[in-house]
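Colleague: Attaching a single structure in structure tokens format; questions to follow.
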Amino acid sequence: MADQLNLPNTQPLTTVEGYQFEPIKGYPMLHWKGKRPFTSTQYYPAQIKEVHGAEVEGWRSKIYWGDNLQVMSHLLKEFRGKVNLVYIDPPFDSKADYKRKIQLKNISTTNNLTAFEEKQYTDIWSNDEYLQFMYERLILIRELLSESGSIYLHCDYRKSHLLRSVLDEIFSPEKLLNEIIWEYRTGGVSDKFFARKHDSILVYKKGEDYQFNCLEEKTYIPTLANRTFAVEELGAKVDEKGCPNCGLKGQWYKMSKMRDVWAVTPLFRNSQERLDYPTQKPEALLERIIRASSNPDDIVFDCFMGSGTTQAVAMKLGRRFIGADINLGAVQITTKRLLGVAEELENQAQSAKVLQLPIPQAASKLRLIDGGKEAGLGDTSRAADSGGTYSTAEDEAEADLEQTAEPTTYYTGFEVYNVNHYDVFRNPLEAKDLLLEALEVNRLTQGNLFDGEKDGRMVKIMPVNRIATRADLNELIAGFDYKAFEKRYQEHPHAPVEKITLICMGHEPDLAAQLKKEVKPFELDVEVVDILRDKQEIQFKRDSEASIVVKGNELVIEAFYPMNLLGKLSLQQENVEDWRELVESVMIDWNYDGAIFQPLQVDIPSKNELVSGRYPIPDDAGTIRIKITDLLSESLEVEVEHG
């Protein structure tokens, strides 16, 4: 089933790369090699894998593991025009690999290697490939947004000018609301150029009647000799605790409408929020965005989810949310994070109930102009992290701010889905290396159009965490050396100019024919190796192993050996003194229905603590399913019969 996509009404057709486009009248159109229209998309199925928490007012939020293009194509069926706010922090094309440090807990294992860095994702693109990637996803985002919705796109100096042009084309230039500058002071400096100390956040509305809550913040002003003027005319006060920016006490400040330059401190190594996930953003940044452009109960969407900051803040602020990421590690980290937020919110509600008090409204660090009808992020002790731009609860009291205390509904339940089946590779970044090794392909150096060569055939690894489509051929089509093709054609007109093997995980049936068609009159010899069909001939990494038994009324995990993690640590099973050092979490569904994992026992210890490994079995337990997740965010799921 294909969904048609609606773009702004435009003027006469322009031909780009053989395709016809309708340029918007009055401004130039961004062109790139391989640009093609994106006017319809296929519906992709999703499989529900886990359920956490109860429905709240008929809703559970949703987390998807999969390519966000396919995830959004799936979401169109139910959520077209229903998403109130989108925040995305997409790849910046930083030409870097982003890694996460993996370290054993409570180290007692006999081995010198107790920590290593695991690559989470690669941010290396060709310019044309990057622009088409973003173009298609931004079109789908526009389709999902409600007429009152808006998108916040986070970027930096590398691509902000190009992404703004793409957004202009999709939304129209008149829909630009702001280019927000996120200013920070972390990172290095240079002797060759001014230190780069800001990111850009491009804000576009979809319709004219868009949601916007005007916010105020504390702004420091120069010392004024005339106190009466400062108080009466500016509404200023003196901060006796000291300015977080300069450290001086007795600094004057006033509450003023928020501007488009934000001084929000990034996450330092010792930050309590820090999850050691690359490019993780501070909750303070997302609080501003979510408060400004959504209301409680609205749907907030982030399809480049990462460590789940958008989802965590949305849950704390009483919003419904949808998240997606292609990296399984991101899905596991976000799941763990959201369970912690849900527990914190539920504990607050329970405490209030026991004391017969209203559900406590967490203190906000921002002030709504209209009085503020929503709950905020708690922990005012972290107010200084904002770089002096927020107002804490105490500051607001000093500023005579009146806040209502209307109850907020917290949507703490959520579901985890797969889009398509990802049963072969748990981390897509490892797929290429695994396949090249398993198929005994001679690797080519980084930067080549092809990944390797075998038996006279050029080998290209297609995206192996989803079905390969016509769109996935564009990198090849744009990158072919057509001058070399012409020379070979002249020398041997009846022979193929190139022999190519495509390695993929599921593919459209006409994939080879489409590639051949695009390079006519040149002849290609194209072979497709589908690892879903042929994977029995490929040796993949070993599965994890565990010993789990029932002793009396307890479920006991006696041993757990995550083979991939042990391999990275150069560890043998006999050298593991305490398997719990290798484990991130244990979840147990005491009555598994054979389809959806619904854990009621959740053991997620803090950084320096270990899982229990022993769990009392409920009296009504049936088929027990246990999910053990290791430090690489790879999981083993096993079933135990009971009773």
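A short reminder: the numbers here are calculations on the coordinates, not readings from a lab. Predicted, not measured: the structure shown is a model, and the values here were computed from it. Cβ atoms come from the backbone with ideal geometry, glycine included; neighbour counts cover every protein chain shown.
Colleague: By per-residue mean of other Cβ atoms within 10 Å, what is the highest-first order of 338-346, 164-172?
Modeller: Sorting 338-346, 164-172 by mean packing, highest first, produces 164-172, 338-346.
Colleague: Related question: Once the Cα gyration tensor of the range 428-537 is diagonalised, what are the square roots of 5 times its eigenvalues, in whole Å and ordered largest first, as equivalent ellipsoid semi-axes?
Modeller: Taking √(5λ) for each eigenvalue gives 24, 16, 13 Å, largest first.
Colleague: Something else now. Okay, which of the range 587-613 sit inside 18 Å, backbone N to the point 7 Å along the Cα-Cβ direction of Val549?
Modeller: 613
Colleague: Between Asp276 and Glu183, what is the FRET efficiency for a Förster distance of 41 Å, r being their Cβ-Cβ separation, to the nearest 0.05?
Modeller: The computed FRET efficiency comes out at 0.95.
Colleague: Would you please put 447-457, 504-514 in order of how densely packed they are, using the mean number of other Cβ atoms within 10 angstrom per residue and starting with the highest?
Modeller: The peptides rank, most packed first, as 504-514, 447-457.
Colleague: Calculate the all-directions average of the projected area of the range 545-640's alpha-carbon convex hull, and give it in nm².
Modeller: Average of the hull's projected areas for the range 545-640 equals 6.3 nm².
Colleague: List residues of the range 578-619, by number, whose backbone nitrogen lies under 11 Å from a label position 7 Å along Cα→C-beta of Glu639.
Modeller: In the range 578-619, the label zone of Glu639 (backbone N under 11 Å from the point 7 Å along Cα→Cβ) covers 592-596.
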